[in-house]
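The values are calculated or read from the model by the stated rules, or taken from the named source; none is laboratory data. Because the structure is a prediction, the values reported are computed rather than measured. Note: ideal-geometry Cβ built from the backbone for every residue, glycine included; neighbour counts use all protein chains shown.
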């Protein structure tokens, strides 16, 4: 399913107040790669991922943005480095979606993509062609540890993030299941002192905890709210994620729901 979703609006509920007075969506922090310290807004001793999860920090809170930048987000590989591919002879590894995207955007050059469910960075990638041949930049999101490790080895010229996108308008930690090492699925949202979840994680190496961030928080951490293509492959959680996005603060030209395409 391909949809033009430019200028849509949705309502996002405000999260609980943090220790500082902070009003959701009224601050432009994150528009640039400024290194403004998070402790300008919150004492640095409180600005931890544990605090962000416990207090359900609002998705544009400066502490949350800084945590993503400093602790999780990885920079693109140098353009001087060659790609490391399993099938270098394949010009477009996508299953036809990349061609559809190029048609809609009229072969735009120097665009910006977000591909959630980036897998290994090559197999069935909808963004590789644009990055390599049309000089696009972007962000690859992949929560599966093994796939993300392989993705990094490709030397993709895009930001990369080893996390999942939150289904809530605040950060959460979840149990992530990777059956047969192919495709990841959020199976449970972790709560404090959840011993059952801990037991399930310890007894099954394909189930482990993953930190999730709101999509808008991730965009602010990268410093981009204009997105030419957004591909979402999260095994059925797409609509919950879309509901968290403050559409009046972003501009997404093309969105593809990969899960629906496979139905």
Can you tell me which of (1) more than 20 Å from residue 251 (Cα to Cα); (2) surrounded by fewer than 23 Cβ atoms within 10 Å (Cβ to Cβ) is the one residue 118 doesn't meet? (2)
Taking the stated definitions as given, is residue 196 at pLDDT below 95, farther than 21 Å from residue 63 by Cα, touching a strand residue (DSSP E or B) at 6+ places or on another chain (Cβ under 6 Å) and surrounded by fewer than 16 Cβ atoms within 10 Å (Cβ to Cβ)? no
Tally up the residues in the range 128-178 that are in contact (Cβ under 8 Å) with a residue 60 or more places away in the chain, under 13 Å from the mean Cα position of the chain (by Cα) and not in a strand (DSSP E or B), please. 7
Tally up the residues in the range 223-236 that are crowded, with 22+ Cβ neighbours inside 10 Å and either out of contact with any strand residue (DSSP E or B) (no Cβ under 9 Å at 6 or more places or on another chain) or over 10 Å from residue 252 (Cβ atoms) (or both), please. 4
All but one of (1) farther than 26 Å from residue 47 by Cβ; (2) at pLDDT below 90; (3) in contact with a helix residue (DSSP H, G or I) (Cβ under 8 Å, 6 or more places away or on another chain); (4) surrounded by fewer than 17 Cβ atoms within 10 Å (Cβ to Cβ) hold for residue 146; which doesn't? (2)
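Given the criterion touching a strand residue (DSSP E or B) at 6+ places or on another chain (Cβ under 8 Å), modelled with pLDDT of 95 or more, surrounded by fewer than 17 Cβ atoms within 10 Å (Cβ to Cβ) and more than 16 Å from residue 232 (Cβ to Cβ), identify the matching residue among 110, 173, 157, 106.
110
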